[in-house]
Amino acid sequence: MLYESAGAWRQAANKRVLLFGMSGLGKTHVSQMLRDSGDWFHYSIDYRIGTRYMGEYITDNAKIEAMKVPFLRQLLMTDSIYIGSNISFHNLTPVAAYLGKPGDPARGGLPIGEYRRRQEQFRTAEIHALLDTEYFIDRAQRLYDYPHFVCDTGGSICEWVDPADPDDPVLTELSRHALLVWIKGDAAHTQELVRRFDKAPKPMSYQPQFLSQVWEAYLEESGCTETGVDPDQFIRWTYAKALAHRQPRYEAMARNWGVTVTADAVSALRDAADFEALVADAISARGQTPPEG
(Lines give C-alpha, C1' and ligand atoms only; values in the text may rest on other atoms or scores of the structure.)
Protein backbone atom coordinates (compact mmCIF):
# COMPACT_ATOMS: atom_id res chain seq x y z
CA MET A 1 0.00 0.00 0.00
CA LEU A 2 1.05 3.61 -0.52
CA TYR A 3 0.89 4.28 3.24
CA GLU A 4 2.22 1.37 5.28
CA SER A 5 1.10 2.72 8.66
CA ALA A 6 -1.35 5.20 10.19
CA GLY A 7 1.61 7.35 11.13
CA ALA A 8 2.90 7.43 7.56
CA TRP A 9 -0.56 8.48 6.40
CA ARG A 10 -0.90 11.24 9.00
CA GLN A 11 2.56 12.62 8.28
CA ALA A 12 2.28 12.48 4.49
CA ALA A 13 2.58 15.88 2.87
CA ASN A 14 0.58 14.58 -0.08
CA LYS A 15 -2.40 12.35 0.76
CA ARG A 16 -3.86 10.44 -2.19
CA VAL A 17 -6.91 8.21 -1.97
CA LEU A 18 -9.22 6.37 -4.33
CA LEU A 19 -12.75 5.73 -3.06
CA PHE A 20 -14.70 2.73 -4.31
CA GLY A 21 -17.91 0.90 -3.47
CA MET A 22 -21.60 0.81 -4.33
CA SER A 23 -23.07 3.95 -5.87
CA GLY A 24 -25.07 5.86 -3.29
CA LEU A 25 -22.91 5.19 -0.21
CA GLY A 26 -21.06 8.49 -0.09
CA LYS A 27 -18.08 8.49 -2.49
CA THR A 28 -19.06 11.71 -4.22
CA HIS A 29 -20.32 13.31 -1.00
CA VAL A 30 -16.94 12.74 0.69
CA SER A 31 -15.05 13.87 -2.40
CA GLN A 32 -16.97 17.13 -2.52
CA MET A 33 -16.45 17.68 1.21
CA LEU A 34 -12.71 17.22 0.75
CA ARG A 35 -12.66 19.51 -2.28
CA ASP A 36 -14.55 22.19 -0.35
CA SER A 37 -11.81 22.14 2.30
CA GLY A 38 -9.55 23.82 -0.26
CA ASP A 39 -6.66 21.34 -0.04
CA TRP A 40 -8.02 18.38 -2.02
CA PHE A 41 -8.34 17.94 -5.78
CA HIS A 42 -11.45 15.96 -6.75
CA TYR A 43 -11.04 13.69 -9.77
CA SER A 44 -14.37 12.22 -10.88
CA ILE A 45 -14.05 9.07 -13.00
CA ASP A 46 -17.63 9.36 -14.29
CA TYR A 47 -17.07 12.98 -15.35
CA ARG A 48 -13.85 12.03 -17.13
CA ILE A 49 -15.67 9.21 -18.93
CA GLY A 50 -18.43 11.53 -20.11
CA THR A 51 -16.18 14.36 -21.26
CA ARG A 52 -13.02 12.69 -22.53
CA TYR A 53 -13.87 9.15 -23.56
CA MET A 54 -17.58 9.01 -24.40
CA GLY A 55 -18.35 12.62 -25.27
CA GLU A 56 -18.51 12.00 -29.01
CA TYR A 57 -20.66 8.89 -28.58
CA ILE A 58 -23.13 10.87 -26.46
CA THR A 59 -23.25 13.83 -28.84
CA ASP A 60 -23.53 11.69 -31.96
CA ASN A 61 -26.39 9.73 -30.42
CA ALA A 62 -28.26 12.97 -29.73
CA LYS A 63 -27.62 14.06 -33.31
CA ILE A 64 -29.02 10.78 -34.65
CA GLU A 65 -32.26 11.46 -32.78
CA ALA A 66 -32.34 15.08 -33.94
CA MET A 67 -31.79 14.03 -37.56
CA LYS A 68 -35.10 12.18 -37.44
CA VAL A 69 -36.87 15.54 -37.14
CA PRO A 70 -36.91 17.30 -40.57
CA PHE A 71 -36.69 20.79 -39.04
CA LEU A 72 -33.68 19.92 -36.89
CA ARG A 73 -32.10 17.85 -39.67
CA GLN A 74 -32.00 20.89 -41.96
CA LEU A 75 -30.44 23.05 -39.26
CA LEU A 76 -27.81 20.41 -38.48
CA MET A 77 -26.98 19.85 -42.15
CA THR A 78 -26.32 23.58 -42.58
CA ASP A 79 -24.35 23.90 -39.32
CA SER A 80 -27.00 26.26 -38.02
CA ILE A 81 -27.34 24.63 -34.59
CA TYR A 82 -24.98 22.90 -32.21
CA ILE A 83 -25.82 19.83 -30.11
CA GLY A 84 -23.76 18.89 -27.07
CA SER A 85 -24.17 17.36 -23.63
CA ASN A 86 -24.25 19.54 -20.53
CA ILE A 87 -22.44 17.06 -18.31
CA SER A 88 -21.12 18.20 -14.94
CA PHE A 89 -19.98 16.75 -11.60
CA HIS A 90 -23.58 17.10 -10.44
CA ASN A 91 -25.26 15.98 -13.67
CA LEU A 92 -23.97 12.76 -15.20
CA THR A 93 -27.29 11.97 -16.88
CA PRO A 94 -25.86 12.16 -20.43
CA VAL A 95 -23.65 9.12 -19.74
CA ALA A 96 -26.49 7.09 -18.23
CA ALA A 97 -28.87 8.10 -21.02
CA TYR A 98 -26.39 6.91 -23.64
CA LEU A 99 -25.84 3.57 -21.89
CA GLY A 100 -29.59 3.03 -21.93
CA LYS A 101 -31.50 -0.14 -21.06
CA PRO A 102 -32.09 -3.28 -23.13
CA GLY A 103 -35.52 -4.29 -24.30
CA ASP A 104 -38.60 -3.12 -26.20
CA PRO A 105 -37.76 -0.08 -28.40
CA ALA A 106 -41.34 1.17 -28.01
CA ARG A 107 -40.65 1.53 -24.26
CA GLY A 108 -37.27 3.18 -24.70
CA GLY A 109 -35.22 -0.01 -24.87
CA LEU A 110 -32.19 -0.85 -26.98
CA PRO A 111 -31.62 -4.05 -28.98
CA ILE A 112 -29.43 -6.30 -26.85
CA GLY A 113 -26.63 -6.20 -29.44
CA GLU A 114 -26.51 -2.40 -29.40
CA TYR A 115 -26.75 -2.43 -25.62
CA ARG A 116 -23.74 -4.75 -25.39
CA ARG A 117 -21.80 -2.52 -27.80
CA ARG A 118 -22.38 0.52 -25.56
CA GLN A 119 -21.50 -1.50 -22.48
CA GLU A 120 -18.16 -2.37 -24.06
CA GLN A 121 -17.56 1.28 -24.93
CA PHE A 122 -18.17 2.16 -21.29
CA ARG A 123 -15.87 -0.60 -20.02
CA THR A 124 -13.03 0.66 -22.20
CA ALA A 125 -13.73 4.28 -21.22
CA GLU A 126 -13.76 3.53 -17.49
CA ILE A 127 -10.48 1.64 -17.62
CA HIS A 128 -8.85 4.52 -19.50
CA ALA A 129 -10.26 7.05 -17.02
CA LEU A 130 -8.95 5.01 -14.08
CA LEU A 131 -5.51 4.80 -15.66
CA ASP A 132 -5.54 8.60 -16.02
CA THR A 133 -5.34 8.91 -12.22
CA GLU A 134 -1.57 9.44 -12.18
CA TYR A 135 -1.88 12.16 -14.82
CA PHE A 136 -4.45 14.04 -12.75
CA ILE A 137 -2.42 13.67 -9.55
CA ASP A 138 0.47 15.36 -11.34
CA ARG A 139 -1.82 17.95 -12.94
CA ALA A 140 -3.46 18.82 -9.61
CA GLN A 141 -0.08 19.62 -8.07
CA ARG A 142 1.68 21.10 -11.08
CA LEU A 143 -1.12 23.43 -12.21
CA TYR A 144 -3.15 24.12 -9.10
CA ASP A 145 -0.79 23.31 -6.21
CA TYR A 146 -3.25 20.99 -4.46
CA PRO A 147 -1.40 18.94 -1.81
CA HIS A 148 -4.02 16.18 -1.58
CA PHE A 149 -5.98 14.14 -4.12
CA VAL A 150 -9.19 12.09 -4.09
CA CYS A 151 -10.29 9.84 -6.96
CA ASP A 152 -14.08 9.36 -6.96
CA THR A 153 -14.78 6.12 -8.85
CA GLY A 154 -17.98 4.66 -10.26
CA GLY A 155 -19.66 1.62 -8.77
CA SER A 156 -18.53 -0.56 -11.68
CA ILE A 157 -14.77 -0.40 -11.03
CA CYS A 158 -14.91 -3.92 -9.57
CA GLU A 159 -16.31 -5.32 -12.84
CA TRP A 160 -13.12 -4.72 -14.83
CA VAL A 161 -10.44 -5.95 -12.42
CA ASP A 162 -9.37 -9.25 -10.87
CA PRO A 163 -8.65 -8.44 -7.22
CA ALA A 164 -7.22 -11.93 -6.63
CA ASP A 165 -4.52 -11.37 -9.25
CA PRO A 166 -1.47 -9.67 -7.68
CA ASP A 167 -0.49 -8.51 -11.17
CA ASP A 168 -3.86 -7.06 -12.17
CA PRO A 169 -2.80 -4.14 -14.40
CA VAL A 170 -5.44 -1.64 -13.29
CA LEU A 171 -5.18 -2.30 -9.56
CA THR A 172 -1.38 -2.41 -9.71
CA GLU A 173 -1.31 0.98 -11.39
CA LEU A 174 -3.86 2.57 -9.08
CA SER A 175 -2.24 1.26 -5.89
CA ARG A 176 1.09 2.77 -6.95
CA HIS A 177 -0.41 6.25 -6.76
CA ALA A 178 -3.28 6.19 -4.25
CA LEU A 179 -4.62 4.37 -1.21
CA LEU A 180 -7.70 2.35 -2.20
CA VAL A 181 -10.53 2.90 0.29
CA TRP A 182 -13.69 0.77 0.22
CA ILE A 183 -16.85 2.39 1.57
CA LYS A 184 -18.64 -0.70 2.85
CA GLY A 185 -22.41 -0.82 3.27
CA ASP A 186 -24.41 -3.27 5.36
CA ALA A 187 -27.65 -5.13 4.70
CA ALA A 188 -29.74 -2.09 5.65
CA HIS A 189 -27.84 0.09 3.17
CA THR A 190 -28.38 -2.51 0.45
CA GLN A 191 -32.12 -2.60 1.13
CA GLU A 192 -32.27 1.19 0.93
CA LEU A 193 -30.33 1.23 -2.34
CA VAL A 194 -32.70 -1.37 -3.80
CA ARG A 195 -35.70 0.68 -2.63
CA ARG A 196 -34.34 3.84 -4.24
CA PHE A 197 -33.50 2.03 -7.45
CA ASP A 198 -36.94 0.44 -7.67
CA LYS A 199 -38.48 3.90 -7.39
CA ALA A 200 -36.26 5.42 -10.09
CA PRO A 201 -34.34 2.75 -12.09
CA LYS A 202 -31.21 4.05 -13.82
CA PRO A 203 -28.89 2.52 -16.42
CA MET A 204 -25.91 0.55 -15.11
CA SER A 205 -22.83 -1.12 -16.52
CA TYR A 206 -22.24 -4.83 -16.08
CA GLN A 207 -19.44 -7.33 -16.52
CA PRO A 208 -20.15 -9.01 -19.92
CA GLN A 209 -20.43 -12.52 -18.44
CA PHE A 210 -22.80 -11.32 -15.73
CA LEU A 211 -24.95 -9.46 -18.27
CA SER A 212 -25.28 -12.55 -20.46
CA GLN A 213 -26.22 -14.64 -17.43
CA VAL A 214 -28.95 -12.33 -16.13
CA TRP A 215 -30.30 -11.53 -19.60
CA GLU A 216 -30.81 -15.21 -20.44
CA ALA A 217 -32.25 -15.91 -16.98
CA TYR A 218 -34.71 -13.02 -17.29
CA LEU A 219 -35.90 -14.11 -20.73
CA GLU A 220 -36.51 -17.62 -19.42
CA GLU A 221 -38.23 -16.52 -16.21
CA SER A 222 -40.40 -13.84 -17.80
CA GLY A 223 -41.20 -15.72 -21.00
CA CYS A 224 -40.41 -12.54 -22.97
CA THR A 225 -38.71 -12.29 -26.32
CA GLU A 226 -35.71 -9.97 -26.58
CA THR A 227 -37.83 -7.24 -28.14
CA GLY A 228 -40.67 -7.75 -25.64
CA VAL A 229 -38.65 -7.02 -22.49
CA ASP A 230 -39.78 -4.04 -20.42
CA PRO A 231 -36.45 -2.17 -20.00
CA ASP A 232 -37.22 -0.80 -16.54
CA GLN A 233 -38.48 -4.12 -15.28
CA PHE A 234 -35.32 -5.87 -16.45
CA ILE A 235 -32.93 -3.51 -14.71
CA ARG A 236 -35.07 -3.55 -11.55
CA TRP A 237 -34.94 -7.36 -11.59
CA THR A 238 -31.18 -7.24 -12.17
CA TYR A 239 -30.21 -4.58 -9.61
CA ALA A 240 -30.14 -6.64 -6.40
CA LYS A 241 -28.35 -9.43 -8.27
CA ALA A 242 -25.77 -6.91 -9.48
CA LEU A 243 -25.16 -5.68 -5.93
CA ALA A 244 -24.71 -9.26 -4.71
CA HIS A 245 -22.33 -9.93 -7.61
CA ARG A 246 -20.23 -6.87 -6.78
CA GLN A 247 -20.03 -7.21 -3.00
CA PRO A 248 -17.39 -10.00 -2.86
CA ARG A 249 -15.39 -8.26 -5.55
CA TYR A 250 -15.28 -5.03 -3.52
CA GLU A 251 -14.35 -7.04 -0.45
CA ALA A 252 -11.46 -8.73 -2.26
CA MET A 253 -10.24 -5.37 -3.57
CA ALA A 254 -10.13 -3.99 -0.03
CA ARG A 255 -8.59 -7.14 1.44
CA ASN A 256 -5.80 -7.42 -1.13
CA TRP A 257 -5.28 -3.84 -2.26
CA GLY A 258 -6.59 -1.32 0.27
CA VAL A 259 -8.53 -0.55 3.43
CA THR A 260 -12.17 -0.53 4.53
CA VAL A 261 -14.36 2.15 6.12
CA THR A 262 -18.07 1.83 6.81
CA ALA A 263 -20.80 3.84 5.15
CA ASP A 264 -22.13 4.81 8.58
CA ALA A 265 -18.74 6.22 9.59
CA VAL A 266 -18.53 8.10 6.30
CA SER A 267 -21.98 9.63 6.78
CA ALA A 268 -20.85 11.01 10.17
CA LEU A 269 -17.83 12.86 8.75
CA ARG A 270 -17.85 16.61 9.28
CA ASP A 271 -14.65 17.75 7.59
CA ALA A 272 -11.34 16.70 6.04
CA ALA A 273 -9.74 16.17 9.46
CA ASP A 274 -12.44 13.63 10.32
CA PHE A 275 -11.78 11.82 7.04
CA GLU A 276 -8.03 11.71 7.63
CA ALA A 277 -8.61 10.25 11.11
CA LEU A 278 -11.03 7.65 9.72
CA VAL A 279 -8.50 6.49 7.12
CA ALA A 280 -5.75 6.35 9.77
CA ASP A 281 -7.95 4.05 11.86
CA ALA A 282 -8.62 1.88 8.79
CA ILE A 283 -4.89 1.54 8.08
CA SER A 284 -4.28 0.55 11.71
CA ALA A 285 -7.09 -2.02 11.57
CA ARG A 286 -5.62 -3.51 8.39
CA GLY A 287 -2.25 -3.82 10.10
CA GLN A 288 -3.86 -6.00 12.74
CA THR A 289 -5.51 -8.26 10.13
CA PRO A 290 -3.16 -8.65 7.13
CA PRO A 291 -4.58 -9.63 3.71
CA GLU A 292 -4.94 -13.28 2.81
CA GLY A 293 -2.20 -14.79 0.73
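The values are calculated or read from the model by the stated rules, or taken from the named source; none is laboratory data. Small disclaimer: the values here were computed from a predicted structure and weren't measured. Note that each Cβ is placed from the backbone with ideal geometry, even for glycine, and that neighbours are counted across all protein chains shown. SASA here: full protein model, heavy atoms, side chains in, ligands and nucleic acids out. Shrake-Rupley method; radii C 1.70, N 1.55, O 1.52, S 1.80 Å.
Shown in residue order for the range 101-117 are the 3J(HN,Hα) couplings computed by the Karplus curve 6.51 cos²θ - 1.76 cosθ + 1.60 at θ = phi - 60°: 9, x, x, 4, x, 5, 10, x, x, 10, x, 4, x, 5, 4, 5, 4 Hz (x for Gly and Pro). Using a 7 Å offset from Cα along Cα-Cβ at Ala277, what residues in the range 7-47 end up with backbone N under 15 Å from the label point? Taking a point 7 Å out along Cα→Cβ of Ala277, the residues of the range 7-47 whose backbone N falls under 15 Å are 10. Centre-to-centre separation between the Cα atoms of the range 118-158 and those of the range 172-212: 17 Å. At a probe size of 1.4 Å, how large is the accessible area of Leu193, to the nearest 10 Å²? Roll a 1.4 Å probe over it and Leu193 shows about 10 Å².
Roll a 1.4 angstrom probe over the protein heavy atoms and tell me the percent of accessible area of the chain that is carbon or sulfur.
Values: 7260 of 14400 Å².
The C+S portion of the solvent-accessible surface of the chain is 50 percent.
Protein-only accessible surface at a 1.4 angstrom probe places the residues Asp132, Asp162 in the order Asp162, Asp132, largest first.
How charged is the neighbourhood of Asp152? Take every other residue with its Cβ under 12 Å from the Cβ of Asp152, and add Lys/Arg as +1 and Asp/Glu as -1. Let's see the in-between values first.
Values: positive: Lys27, Arg35, Arg48; negative: Asp46.
With Lys, Arg at +1 and Asp, Glu at -1, the neighbours total +2.
Considering only alpha-carbon pairs that sit under 8 angstrom and 6 or more positions apart, the relative contact order computed for the range 21-284 is 29 percent.
Could you tell me the convex hull volume per residue, in Å³, taken over the Cα atoms of the range 1-143?
On the way: hull volume 22.8 nm³, N = 143.
Looking at the range 1-143, the number lands at 159 Å³ per residue.
Each Lys and Arg Cβ is given +1 and each Asp and Glu Cβ -1; about its Cα centre, the range 21-284 then shows a dipole of about 660 debye. Using Cα atoms only, what is the angle between the long axis of helix 27-36 and the major principal axis of the chain, expressed in degrees (0 to 90) to the nearest 10? Taking Cα atoms only, the helix is inclined about 60 degrees. Taking all protein chains as they are arranged and a probe of 1.4 Å, the heavy atoms of Lys241 leave approximately 90 Å² accessible to solvent.
Each 10 Å bin, from zero up to the one with the longest distance, holds this percent of the alpha carbon pairs of the range 21-284: 6, 26, 34, 22, 10, 2, 0. Probing with 1.4 Å while keeping every protein chain in the model, the per residue accessible area of the chain equals 49 Å². For the Cα atoms of the chain, what angle does the longest principal axis make with the long axis of helix 231-257, in degrees from 0 to 90, nearest 10? Result, in degrees: 20. Computed from label points 7 Å out along Cα-Cβ, the spacing between Gln213 and Ala187 is 2.2 nm. Beyond 32 Å between alpha-carbons counts as too far, so tell me which of Lys15/Lys63; Lys68/Lys101; Lys15/Lys184; Lys63/Lys241 fall in that bin. Too far apart for the 32 Å limit: Lys15/Lys63; Lys63/Lys241. Using the rule -39500 (n - 2.57) for each DSSP H run of four or more residues, divided by the residues of the chain, the 222 nm mean residue ellipticity is -17500 deg cm²/dmol.
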